[in-house]
Amino acid sequence: MTSLDRLRGDVQPKNHNARTIAALTANPGCSRRAVMDAAGIDKSRLASYIGFPARFGQSQFAITRGNAFEAQLKANGCAELLRLLREALKLPIEEASYDDLESLEQMDARAARSRQLLTRAASGEEGAGTLFDHPLLRLEVGGRWVYLEPDLVALRTGGKFYVVEIKSFAVIDGQADGTKVSAAATQSAVYVLALRRLLAEAGHDPLLVSHDVVLVCPENFSNRPVATLVDVRKKLSVLERQLSRMARIDAIVESLSPDLTFDLAPDSSGVPQRPASELVDGLGQVDARYSPECLANCELAFFCRHEARGTTASLGKSVREELGGVSSVELALSLASGSASPEPDQEEAAAMLRYAAKLRAEIVS
Amino acid sequence: MSALTALARASAVQAGVAQPIATVRHVHLSSRPLVFIPLSLAGEAHAPLAALVGSSVESPQLLVVPQPRNRDQRFGFAATLAEILVSYVDSFCGETETVAVDRGRDVRERYVDAPQILVPNGGGIGFVRLFGRSTRFRRTTGEWAVDPAVPLLGRWLTFFAERAEYPGSSMLVSMTGALGMHWATGQSSVEDANLAALLGWIAPPAGMTGAEAALEAEDPLRWPPAGPATDPTFDNEVLAPAIESGSLSTLEKALRDQLEPTWELMWRGVSLLRALPAGSRVERRWADDRGAFTGYVEYVAEGGFPQAKLDVAVAAAQRLAKLERAQALYDAQRAYDDPLVLAEYRLTGEAFAGSVVASSPDRLDASGKKRVLRPHITVRSDDPVRLGPGVTVVSPARPAQKGRIVSVSGSDVVLELSGGMGRGLTAPPGSVPEVGERLTYTTLTESYQAPAAFPSRDETPWTHGGPPAEYVPDNEDAAEEWS
Ligand code: SF4
């Protein structure tokens, strides 16, 4: 049993997907999250059990709409998508052949088949296909293999591969919600990376996979799709950095107490028996780096926010900076009122805080 | 975020209640604003689901789209909303006043009051913009005909959404934005986007701290989200079955329950803002809003086209420059109106406050052809002075008078004054600050800045696409799918 298995306890590791891998990059400085994810701990379940349930529900309307849009694009052997890609990527018409990889049942078989087809295409074999529907890729995350399923991979003349991501948020007059585009780009970057590694393993040039991904969204207020190329180079480098950090997770794990575990100790009917307080203590042993952005990205956010009460970081990065980088609210206020004396490296911040406090006091009675 | 606001947030944590970051109100508040709380269906391209709308707290009107994916029902919703909104807008097209324009060379009429729409949050403003976009090009005749009120609604919504981008405009205001300008909470700005949580900090119920009230406000069962997005659990467990059931009363009840708590919060927000005294320049900005409103009423009456989909190059650059000027002016006006805002500039060295320790009100400058009155005063600053000789400053207490910094020694600043003293060679009593008077001087200016020169529409350089065609909506716009 490895240390990560011990941390997780006697359950199957929680599987990653592109979305959770993308979320890893949201707070790269947080050891707590890195350890939890590397060990495959079900953060959502843990958070609920200790009384801080995450709220990441998905509306069935959104799911239905997303599925319907994808189905529409892929109907009749991807007819609509193909037309779009011909425009966006100048995909030569006569070469359009289509491999539906979703229909293969077994994960490993699918992954093997996907690898086979994609590497054949990379070697430029005759009739190797140009569209690959839901190929199954693999990526190593913190020492474990994670299966990933891009919506589509398209191959253009000249052997360039493009990851195609289908999203159901609208592009209106050429503009879409920036947060959503960014999230889609990060997810696509995960696929690009996995595909590049697949090709590299098979001895091909990983750069055959374009850093431009094709984002397909409904246009304006209709169901008509529109394709946009999105450059994910920046996302790729952040992602690679975080994944190599995950690969070095051992150093963090070594520093933890050798009997630390987040095992929920379920009884024979699966009901957790572990006292919540022990789990809370355990979480406290792994350094976190809470910021308000966690609320949108991490299942442990409500717990970490609770724990971070009284820190300036919990008020947001800019507040912390404006308070001269002083880490606790109480200390910042004591420095501002002059009731605490600053450490040598806090002199400047303290002077600014005293001045700000004086101004506020002068005006707000 | 300024250091003063950051400190106010820290104080709010300690005090357990939000702290003021303004001493006066910087937004205009209508005596009968139209409160509008839209909800949209998750996953759809801005499909309206419901709205609660009205201009008095007692009489909200509930609008519901029973089958949000049904195109006709969406346009039905738009037509009903149009009836409410357009008649609200029309109710301001009454009394006018005559105002001088073009520096007194001309006059024009301006309505004495104008409409104001209040939405809960930034998402509400986005809804107004996109709903305007999806309705303003519709045709009222022919194959894809819609109710004539629909495209008119679209144009008004677009007008409001465009005004909302204009710094200092109060025609379309988000409640979270307006409250957040006046109070700092003990939570982050991410959390302030939740209206219930924000109000929890500003006015916690008796016996509760702001933090406790905000925590409770995050429970979507007690305080449903203020829209336009709905709570996913509500969607799955209440909304979907209600739509399925086909019972309008069930659906209406479900949606009313989601909207009413926010309705209550909106009016609580209105009362809190009303309780603040208005800054003295708020009326001036509202007059600009009234002018813009009057102009658009006239444009619509003359049969002008709906707003274009995208600004053409010159228009976009012009608009950007205009917004930048408006922002600078708005910043200055708020600082002039509010010592707490001005204090932010003192902190950054763009302003200093102090007392007059010497004054020579009769000083004349004889260096030029004509002798002119140029009094000198010495201000002993309380603040570190980071401005140097030659810099021009103004005191909000005497906006018509300029001071040029002559010298700075230690905390003593010598200023040479001009303006605001009449035309003679002796200064009228009181026009020059006297010894002992406390003043703040700042580099911020609210004086008129000539707009940058842009090529006219017809002279758009070819690098920017050449002269644009007037945007005339076509068949395709009218027929644009909405599914
Ligand atoms: S919520 Fe906690 S564990 Fe998750 S990223 Fe933030 S600080 Fe780390």
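The values are calculated or read from the model by the stated rules, or taken from the named source; none is laboratory data. As the structure is a prediction and not an experimental result, all values here were calculated from the model. Cβ sites come from the backbone with ideal geometry, for glycine too, and all protein chains shown count toward neighbours. Note: areas computed on protein heavy atoms with side chains; ligands, DNA, RNA excluded. Shrake-Rupley method; radii C 1.70, N 1.55, O 1.52, S 1.80 Å.
All of A:ARG65, A:ARG45 fail the test of being open to solvent by 60 Å² or more (accessible area, probe 1.4 Å) and either within 30 Å of B:ALA240 (Cβ to Cβ) or not assigned by TED's automatic domain parsing to the domain that holds A:GLN285 (or both), apart from A:ARG45. Does A:ALA301 fit the bill of being within 15 Å of the ligand (Cβ to nearest atom) and either under 13 Å from A:CYS30 (Cβ atoms) or surrounded by fewer than 18 Cβ atoms within 10 Å (Cβ to Cβ) (or both)? Spelling it out, A:ALA301 is indeed within 15 Å of the ligand (Cβ to nearest atom) and either under 13 Å from A:CYS30 (Cβ atoms) or surrounded by fewer than 18 Cβ atoms within 10 Å (Cβ to Cβ) (or both).
For A:LEU315, are the conditions met, namely being modelled with pLDDT of 95 or more and more than 8 Å from chain B (Cβ to nearest Cβ)? No; evaluated as a whole, the condition is false for this residue. Only one of the numbered conditions (1) open to solvent by 40 Å² or more (accessible area, probe 1.4 Å); (2) within 16 Å of the ligand (Cβ to nearest atom) is not met by A:GLY316, and that is (1). Return a yes/no flag: does the stretch B:442-452 have any residue that is of a type in the set (A, V, I, L, M) and modelled with pLDDT of 90 or more. Yes: the stretch B:442-452 contains one or more residues that are of a type in the set (A, V, I, L, M) and modelled with pLDDT of 90 or more. Whenever a residue of the stretch A:280-302 is more than 14 Å from chain B (Cβ to nearest Cβ), its partners that are more than 7 Å from the ligand (Cβ to nearest atom) and of a type in the set (Val, Ile, Thr), lying with C-beta atoms within less than 6 angstrom and at least six residues away or across chains, give the pairs A:VAL280/A:ILE50; A:VAL286/A:VAL35. Can you tell me which residues in the stretch B:165-186 are out of contact with any Pro (no Cβ under 9 Å at 6 or more places or on another chain) and part of a loop (DSSP other than H, G, I, E, B)? Scanning the stretch B:165-186 gives B:GLU165, B:TYR166, B:PRO167, B:GLY168, B:SER169, B:SER170, B:MET181, B:THR185, B:GLY186. Of all the listed residues (B:GLY200, B:GLY207), the sole one being away from chain A (no Cβ under 12 Å), over 27 Å from B:PHE305 (Cβ atoms) and surrounded by fewer than 20 Cβ atoms within 10 Å (Cβ to Cβ) is B:GLY207. Before we move on, is B:ALA213 at pLDDT 95 or above, in contact with a strand residue (DSSP E or B) (Cβ under 8 Å, 6 or more places away or on another chain) and among the aliphatic types (A, V, I, L, M)? Judged against the criteria, B:ALA213 is not a match.
Checking the stated criteria, A:SER257 turns out to be open to solvent by less than 60 Å² (accessible area, probe 1.4 Å) and among the polar types (S, T, N, Q). Taken over the stretch B:97-112, the criterion of being within 23 Å of the chain's Cα centre (by Cα) and open to solvent by 50 Å² or more (accessible area, probe 1.4 Å) is satisfied by B:VAL112 alone. Being among the hydrophobic types (A, V, I, L, M, F, W, C), surrounded by fewer than 20 Cβ atoms within 10 Å (Cβ to Cβ) and within 14 Å of another protein chain (Cβ to nearest Cβ) holds for only one residue in A:VAL238, A:VAL226, A:VAL181, A:VAL230, and it is A:VAL226. Filtering the stretch B:305-318 to residues that are modelled with pLDDT of 80 or more and surrounded by fewer than 15 Cβ atoms within 10 Å (Cβ to Cβ) leaves only B:PHE305.
Does the stretch A:258-272 contain any residue that is within 13 Å of the ligand (Cβ to nearest atom) and either more than 14 Å from chain B (Cβ to nearest Cβ) or not small (Gly, Ala, Ser) (or both)? Looking for residues that are within 13 Å of the ligand (Cβ to nearest atom) and either more than 14 Å from chain B (Cβ to nearest Cβ) or not small (Gly, Ala, Ser) (or both), one finds at least one in the stretch A:258-272, hence yes. For the stretch B:142-150, state whether one or more residues are open to solvent by less than 20 Å² (accessible area, probe 1.4 Å), at pLDDT 95 or above and either in contact with a His (Cβ under 6 Å, 6 or more places away or on another chain) or farther than 20 Å from B:ILE37 by Cβ (or both). Taking every residue of the stretch B:142-150 in turn, none turns out to be open to solvent by less than 20 Å² (accessible area, probe 1.4 Å), at pLDDT 95 or above and either in contact with a His (Cβ under 6 Å, 6 or more places away or on another chain) or farther than 20 Å from B:ILE37 by Cβ (or both).
Being surrounded by 16 or more Cβ atoms within 10 Å (Cβ to Cβ), assigned to a loop (DSSP other than H, G, I, E, B) and under 20 Å from the mean Cα position of the chain (by Cα) is the filter; apply it to the stretch A:125-144 and report the residue that is farthest from the other protein chains (Cβ to nearest Cβ). Among them, the one singled out is A:GLY142. Within the stretch B:273-323, being hydroxyl-bearing (Ser, Thr, Tyr) and either closer than 21 Å to B:ARG334 by Cα or not in a helix (DSSP H, G or I) (or both) holds for one residue alone: B:SER280.
Output yes when any residue across the stretch A:291-298 is assigned by TED's automatic domain parsing to the domain that holds A:SER44, open to solvent by 60 Å² or more (accessible area, probe 1.4 Å), part of a helix (DSSP H, G or I) and farther than 30 Å from A:ALA357 by Cα, and no when none is. Within the stretch A:291-298 (the criterion being assigned by TED's automatic domain parsing to the domain that holds A:SER44, open to solvent by 60 Å² or more (accessible area, probe 1.4 Å), part of a helix (DSSP H, G or I) and farther than 30 Å from A:ALA357 by Cα), the answer is no, since none of the residues qualifies. Check whether at least one residue in the stretch A:188-201 is in a strand (DSSP E or B) and in contact (Cβ under 8 Å) with a residue 60 or more places away in the chain, and report yes or no. Within the stretch A:188-201, none of the residues are in a strand (DSSP E or B) and in contact (Cβ under 8 Å) with a residue 60 or more places away in the chain.
Under the condition of being outside any loop (DSSP other than H, G, I, E, B) and either away from the ligand (no atom under 16 Å from the Cβ) or touching a Lys or Arg at 6+ places or on another chain (Cβ under 9 Å) (or both), the residues counted in the stretch A:273-290 number 4. If you check A:ARG309 against the conditions, is it within 13 Å of chain B (Cβ to nearest Cβ), open to solvent by 50 Å² or more (accessible area, probe 1.4 Å) and within 15 Å of the ligand (Cβ to nearest atom)? So A:ARG309 fits the description; yes. Output the residue which, of all residues in the stretch A:329-343 that are open to solvent by 40 Å² or more (accessible area, probe 1.4 Å) and of a type in the set (Ser, Thr, Tyr), is nearest to the other protein chains (Cβ to nearest Cβ). The selected residue is A:SER337.
Please indicate, with yes or no, whether at least one residue in the stretch B:40-52 is open to solvent by less than 30 Å² (accessible area, probe 1.4 Å) and more than 14 Å from every other protein chain (Cβ to nearest Cβ). Looking for residues that are open to solvent by less than 30 Å² (accessible area, probe 1.4 Å) and more than 14 Å from every other protein chain (Cβ to nearest Cβ), one finds at least one in the stretch B:40-52, hence yes.
Number of residues in the stretch B:233-260 that are open to solvent by 70 Å² or more (accessible area, probe 1.4 Å) and within 14 Å of another protein chain (Cβ to nearest Cβ): the value is 2.
The residues on offer are A:LEU89, A:LEU73, A:LEU81, A:LEU24, and the sole one that is within 24 Å of A:LEU193 (Cα to Cα), outside the structural domain of A:SER268 (by TED's automatic domain parsing) and either out of contact with any Phe, Trp or Tyr (no Cβ under 8 Å at 6 or more places or on another chain) or within 16 Å of the ligand (Cβ to nearest atom) (or both) is A:LEU81. Applying the criterion of at least 2 residues that are free of Cβ contacts under 8 Å to residues at least 60 places away in the same chain and not assigned by TED's automatic domain parsing to the domain that holds B:HIS26 to the strands (runs of 3 or more DSSP E) found wholly in the stretch B:338-416 leaves B:376-381, B:392-395, B:398-409. Somewhere in the stretch B:413-423, is a residue of a type in the set (S, T, N, Q) and open to solvent by 60 Å² or more (accessible area, probe 1.4 Å)? No: the stretch B:413-423 contains no residue that is of a type in the set (S, T, N, Q) and open to solvent by 60 Å² or more (accessible area, probe 1.4 Å). Taken over the stretch A:145-177, the residue count meeting the criterion of being under 16 Å from A:HIS16 (Cα atoms) and either of a type in the set (Ser, Thr, Tyr) or open to solvent by 50 Å² or more (accessible area, probe 1.4 Å) (or both) is 3.
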